[in-house]
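Down below is the structure, laid out as structure tokens.
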Amino acid sequence: MEDSKKISFKKYSSLEGDASFRKFYRKKNAKGTSIIVFANKEKEKNLLDYASVNKLLNINGILVPNLISENYKNNFIEIDDLGNKTVFSELKKKNNSKVFFLILKKLIKIQNIKTNKIKNFQNKFYKIKKYTNKILIDEAKLFLNWYLPDYYKGKKREYIKKKFLKIFSNMCKNLKNENNTFVHRDFHVSNIMIYKKKLFIIDSQDALFGNIAYDLASLIDDVRIKTSKKIKKTIYEKYFLINKKKINKKNFNNDFLILSILRNFKIIGIFKRLHKRDKKKTYLKLIPYAWKLIEERVEERKDFKYLKINIDKYFPKEVRYKL
């Protein structure tokens, strides 16, 4: 592969980026096309770890963009080109709940992965870490560090921060399932490509071994696509119908609700950070729906009442739904 010092990325087609520091380019060659992934920030995660997790998924029968070549020294790798069609782009045309059946089958297959270690392209072992409560709380803190300062300053902000941090911590303590399941961590319709009539998984660099309910919560309560409560319930119930594992449904539901709420607090924080730090405004319009998803899940449990009281007190509806 060419050296990035000599290569002119301008001769390749620039593709729409995501919420990471990566940049994507489509490269044409005699055999067809490929994708160049460039990252000079968080390089290890976005290139080395990404290729490692994809390799692990591929070994376990999950379709992913495979590594063609690497030039890690110069901040880029080359992977398969899966085209432009995502499940999200197809669902925007027609809200077809049947596609979720195929996605659930893919998810269950991913959740059956037991391997947590793989050799990376530097011939060293990459081990997927545990999704600890500390990581969950640190993610929820993104809401407190990036969204909260827009509305409160000084001692008031610190008071509210401590209050919500305690709530998040208590929610994590109430999780029932062990961290023994492969978690993609961003499993939603924008990260599932349709290529040659098959489903491919992308954006897997953040994978951890965590709670079995996490990826289903990510899929069902996806901030990027609005689905009715009926469709959400249908997808949730279908998961148990086709899953051959013995799952304690009460514990699963407990964790599903907690993780959905925490995840959407994290997402609000990430979207604010993308705007403030990275000058990416596109994601701001999704924040009101993230709040709606939190509201709906909080309403499902009486023991979330204290969280609801504090949300309404410090972030009233006129704040939550303001773009």
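Taking the empirical scaling 2.2 N^0.38 Å for compact globular proteins as reference, region 131-285 has a Cα radius of gyration ratio of 1.12.
Taking 0.36 nm per residue of separation and subtracting the current Cα-Cα distance, fully stretching the chain between Asn60 and Asp303 would add 83.5 nm. Scaling against 2.2 N^0.38 Å puts the C-alpha radius of gyration of the chain at 1.02. Amide H contacts under 5 Å for Val183: Leu208, Phe209, Gly210, restricted to partners 5 or more places along the chain or on a different chain, H placed in the peptide plane at 1.01 Å from N. If R0 is taken as 25 Å, the Cβ-Cβ distance between Lys117 and Asn180 corresponds to a FRET efficiency of 0.95.
Put a dot 7 Å past the Cα of Lys92, heading toward its Cβ, do the same for Arg26, and the two dots end up 1.5 nm apart. Size check on region 211-323: the Cα extents along the three principal axes, sorted descending, read 45, 30, 24 Å.
According to the Kirkwood expression over distinct Cα-Cα pairs, how big is the hydrodynamic radius of region 9-80, in Å? Numbers along the way, then the final one.
Working: mean 1/r = 0.0793 Å⁻¹.
Final number for the Kirkwood radius of region 9-80 is 12.6 Å.
Summarising the amide proton neighbourhood of Ile68: residues at separation of 5 or more, or on other chains, whose placed amide H is nearer than 5 Å comprise Glu78, Ile79, Asp80.
Packing, taken as the mean count of other beta carbons within 10 Å per residue, orders the peptides 251-262, 190-201 from highest to lowest as 251-262, 190-201. Pairs of Cα atoms in region 168-238 fall into 10 Å distance bins, from 0 up to the last occupied one, in shares of 18, 41, 36, 4, 1 percent. Taking every C-alpha pair closer than 8 Å and separated by at least 6 residues, the mean separation divided by the residue count of the chain gives a relative contact order of 16 percent. When each of the peptides 145-151, 157-163 is scored by the mean number of other C-beta atoms lying within 10 Å of its residues, the order from highest to lowest reads 145-151, 157-163. Applying the Karplus relation 6.51 cos²θ - 1.76 cosθ + 1.60 with θ = phi - 60° to region 232-237 yields 3J(HN,Hα) values of 4, 5, 4, 5, 4, 5 Hz, where x marks Gly and Pro.
Bear in mind these aren't lab numbers, they're just calculated from the coordinates by the rules spelled out. None of the values given here were measured: they were computed from a predicted structure. Glycine also receives a Cβ, built like all others from the backbone with ideal geometry; neighbour counts cover every protein chain displayed.
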